[in-house]
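Novice: Before we start, here is the structure in question, set down as C-alpha cells.
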Amino acid sequence: MRISRRTFVHSSAAAGIGVGASACSPPSPSASAGQALLSAQAQSPAPSTSGMHPALAALKSMTADVKPITKEERAARVQKAQQLMAANKIAALMLEGGSSMFYFTGVRWGLSERPFVCVIPAKGELAWVSPGFEEERARELVSKSAEVRVWQEDDSPYKQVAGILKDRGAASGRIGVEERLRYFIYSGVKKESPAAEFVDAEVITAGCRMMKTATELALMQKASDITIEAFRAAFQTFKEGMTQDELRANIATAHRLLGGPGGSAGVSFGTYTAFPHGSIEPQKLKEGDVIQVDGGCAVDGYQSDITRTVVFGRASARQTEIWNLEKRAQAAAFAVVKPGTPCEAVDAAARKVITDAGFGPDYKVPGLPHRTGHGIGLDGHEWTNFVRGNRTPLAPGMCFSNEPMIAIYGEFGIRLEDCLYVTDKGAQYFSQPSPSIDKPFV
C-alpha cells in the first residue's frame, strides 16, 4: 500500500478531523485558577488560521468540556497521604514546586534558587514557606486559610521549614523527602532539624499517584484524544523536502488550535528513526522514508504520549515486515496486562516476540533497546515501568505507555506507542493502536 500526500489527505479526511471530545491546557497555577483558565480558553477567539494548510485550519478547540481536579479530590489526596504517613511512621512530607506539589495542592510554582516549600504533616494542617517578596502571590495560590511563613533575603528559609516541623510535632520524627526535592533544600533543612530522620517519601508520593481515579483517567483520555487529532491533521501536511522542524511546527499548531498550547512532538525521518529519541542531524523528507512522530500534550496537567510510525510513499517489504513484527510485540504486551501480573512480565512478553524473530537478545540492536513502557500521569514518565526485574504487581488505575521498539541502525526504526490503564479485568487503551503501516489511525 502507498501512503503519499494524496493518500493521507483522503484517508484522514474520511476518518474525520477533530471528532474527539477532548482538550489540552498548559499547567495551571491552582485548581481554581485551572478552571478559570480552561473556561477562558473555551471562550477565547479562535487563533488566526490564515495561510495555514487546510487540514490545520479546519481544527477547532475542544476545551469546553474539560473538568479539572476539584478541591475536594485534592483534599482527599492529602488525607490519603497522611494515612500512608501514619502507616509508615513518617511525621511529615516536604514538597517543592513540581508535579507532586500540584497533585496534592493544585499549586504550580517554578523552581529557582529561592526555596518555596510545602509541608504536609501526618497530623494537622499543611503549611507553606515562601520568599517574603513573593508572599502576596503565594497567598493568591494557596488555600485562604493556609499558614504561610515567609523568609526575607537575609533570613534562612530552612529555619522556617524547621519551625513548621517543630510546631507540627515532627522535629524529632521521620521526615519524608519527595524524590524531586533538590539537595540544597534537603541539606539546609536537615542542618536546622538535627533530631529528625530524613527518609525517601516515594511510599507516599507513588503510593498516592500511581493509581489514578476516574477523574484522572478522564483527563488522560482527553489528552490522548487531542493528540491523536493533532497527529491526524499534521500527517496531512507531509510533503517532499519537508524538514523535521516544519512537521514539528505543524504538530504544535494543531495542538494549539485544538485548545492545547504546549503540545509537541519529536520527529525523525529515514535512517534516523532507529534513534529512540531522535538525532541532532537535520533531515528532509523524501519518498520511501520511514516517519516517526512521538509526542503528546497535557489536560489539567495530565499527559498523553503517543508514537506513530509510517512511510512516506510506498512501504517496502522490509519496512512492512518489521512494522508488523512491532505491532505483534505491542499486542503481546497488552495481552498480559491484568491485576496481579508483575510489571516485568509485560516487558518479557513484548521482548519474546522480537527475539523470537531473530533480533536482540536482551537490549542489543538490531532489536528492542529499551524497556517496553513507563508509567504516566502528571509526569510524562513516572512510576512504575514495564522492565525486567520490576516485580511490582499491576493494580487497577495504574497507567503506562506500551512502546516496544525495533531499532535497526543504518536502516530505520519502528516504534508504536499507545498508553493504557489497568482495569479490574485487564487493560484498556487511551488511544487505539495503528491498524497497519499505511493506516496510522483507526
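Novice: Pairs please, first residue from the range 219-247 and on the phi < 0 side of the Ramachandran plot, second anywhere and in a helix (DSSP H, G or I) and among the β-branched types (Val, Ile, Thr), Cβ atoms under 6 Å, 6+ apart in sequence or on different chains.
Specialist: Listed by first residue and then by second, the contacts come to ALA230/ILE251; ALA234/ILE251; GLN236/VAL9.
Novice: Within the range 122-135, track down each residue that is over 13 Å from ALA162 (Cβ atoms) and either out of contact with any Pro (no Cβ under 8 Å at 6 or more places or on another chain) or surrounded by 23 or more Cβ atoms within 10 Å (Cβ to Cβ) (or both).
Specialist: If the condition is that a residue be over 13 Å from ALA162 (Cβ atoms) and either out of contact with any Pro (no Cβ under 8 Å at 6 or more places or on another chain) or surrounded by 23 or more Cβ atoms within 10 Å (Cβ to Cβ) (or both), then ALA122, LYS123, GLY124, GLU125, LEU126, TRP128, SER130, GLY132, PHE133, GLU134, GLU135 are the ones that fit.
Novice: Still on this structure, I have one more. Go through the range 413-428 and give me each residue that's hydrophobic (A, V, I, L, M, F, W, C) and either assigned to a loop (DSSP other than H, G, I, E, B) or farther than 24 Å from ALA218 by Cα (or both).
Specialist: Matches in the range 413-428: ILE414, LEU416.
Novice: Same structure, new question: Go through GLN283, GLN292 for me and flag whichever is touching a helix residue (DSSP H, G or I) at 6+ places or on another chain (Cβ under 6 Å), polar (S, T, N, Q), at pLDDT 95 or above and closer than 21 Å to LYS439 by Cα.
Specialist: Just a single option satisfies the conditions, and that option is GLN292.
Novice: Taking the stated definitions as given, is SER61 in a loop (DSSP other than H, G, I, E, B) and among the hydroxyl-bearing types (Ser, Thr, Tyr)?
Specialist: Spelling it out, SER61 is indeed in a loop (DSSP other than H, G, I, E, B) and among the hydroxyl-bearing types (Ser, Thr, Tyr).
Novice: Test each condition in (1) open to solvent by less than 50 Å² (accessible area, probe 1.4 Å); (2) on the phi < 0 side of the Ramachandran plot for TYR409 and report the one that comes out false.
Specialist: All conditions pass for TYR409, except number (1).
Novice: Give me the residue from the range 110-125 that is in contact with a Lys or Arg (Cβ under 9 Å, 6 or more places away or on another chain) and of a type outside the set (Val, Ile, Thr) and, out of that set, farthest from LYS144 (Cα to Cα).
Specialist: So the residue we want is LEU111.
Novice: Against the condition in a helix (DSSP H, G or I), surrounded by fewer than 24 Cβ atoms within 10 Å (Cβ to Cβ) and among the charged types (D, E, K, R), how does LYS239 come out, does it pass?
Specialist: no
Novice: I would also like to ask the following. Only one of these conditions is not met by GLU73: (1) modelled with pLDDT under 95; (2) closer than 18 Å to VAL299 by Cβ; (3) of a type outside the set (A, V, I, L, M, F, W, C); (4) in contact with a helix residue (DSSP H, G or I) (Cβ under 7 Å, 6 or more places away or on another chain). Which number is it?
Specialist: Single failed check for GLU73: (1).
Novice: Is it true that some residue in the range 291-308 is more than 16 Å from the chain's Cα centre (by Cα) and among the hydroxyl-bearing types (Ser, Thr, Tyr)?
Specialist: No.
Novice: Of SER431, SER401, which residue is at pLDDT 95 or above and part of a loop (DSSP other than H, G, I, E, B)?
Specialist: It is SER431.
Novice: Follow-up. Can we say THR227 is at pLDDT 95 or above, out of contact with any Lys or Arg (no Cβ under 9 Å at 6 or more places or on another chain) and either open to solvent by less than 40 Å² (accessible area, probe 1.4 Å) or hydrophobic (A, V, I, L, M, F, W, C) (or both)?
Specialist: Considered against the rule, which asks whether it is at pLDDT 95 or above, out of contact with any Lys or Arg (no Cβ under 9 Å at 6 or more places or on another chain) and either open to solvent by less than 40 Å² (accessible area, probe 1.4 Å) or hydrophobic (A, V, I, L, M, F, W, C) (or both), THR227 comes out as yes.
Novice: Only one of ALA218, ALA234 is under 30 Å from CYS399 (Cα atoms), part of a helix (DSSP H, G or I), open to solvent by 20 Å² or more (accessible area, probe 1.4 Å) and of a type in the set (Gly, Ala, Ser). Can you tell me which?
Specialist: Answer to the selection: ALA218.
Novice: Is it the case that some residue within the range 195-209 is crowded, with 20+ Cβ neighbours inside 10 Å, modelled with pLDDT of 95 or more and over 31 Å from the mean Cα position of the chain (by Cα)?
Specialist: Yes, the range 195-209 contains a residue that is crowded, with 20+ Cβ neighbours inside 10 Å, modelled with pLDDT of 95 or more and over 31 Å from the mean Cα position of the chain (by Cα).
Novice: Give me the residue from the range 168-193 that is assigned to a helix (DSSP H, G or I) and out of contact with any Asp or Glu (no Cβ under 9 Å at 6 or more places or on another chain) and, out of that set, surrounded by the fewest Cβ atoms within 10 Å (Cβ to Cβ).
Specialist: If we take residues in the range 168-193 being assigned to a helix (DSSP H, G or I) and out of contact with any Asp or Glu (no Cβ under 9 Å at 6 or more places or on another chain), then TYR183 is surrounded by the fewest Cβ atoms within 10 Å (Cβ to Cβ).
Novice: Contact list please: Cβ distance under 9 Å, first residue in the range 62-78 and under 20 Å from ALA206 (Cα atoms) and open to solvent by less than 20 Å² (accessible area, probe 1.4 Å), second residue part of a helix (DSSP H, G or I) and at pLDDT below 95, pairs at least six apart or on different chains.
Specialist: Close Cβ pairs satisfying both conditions: ILE69/ALA31; ILE69/GLY34; ARG74/ALA31.
Novice: While we're here: Would you confirm, using the coordinates I've provided, whether ARG371 is out of contact with any Gly (no Cβ under 6 Å at 6 or more places or on another chain), buried (at least 16 other Cβ atoms within 10 Å of the Cβ) and either touching a residue at least 40 places away in the same chain (Cβ under 8 Å) or hydroxyl-bearing (Ser, Thr, Tyr) (or both)?
Specialist: Criteria not met by ARG371.
Novice: Taking the options GLY358, GLY377, GLY410, GLY340, name whichever one is assigned to a loop (DSSP other than H, G, I, E, B), at pLDDT 95 or above and within 26 Å of SER99 (Cβ to Cβ).
Specialist: When all the criteria are applied, what remains is GLY377.
The values are calculated or read from the model by the stated rules, or taken from the named source; none is laboratory data. Given the structure is predicted, the values throughout are model-derived calculations rather than measurements. Note that each Cβ is placed from the backbone with ideal geometry, even for glycine, and that neighbours are counted across all protein chains shown. The area values use the complete protein model at the heavy-atom level, side chains included, leaving out ligands, DNA and RNA. Shrake-Rupley method; radii C 1.70, N 1.55, O 1.52, S 1.80 Å.
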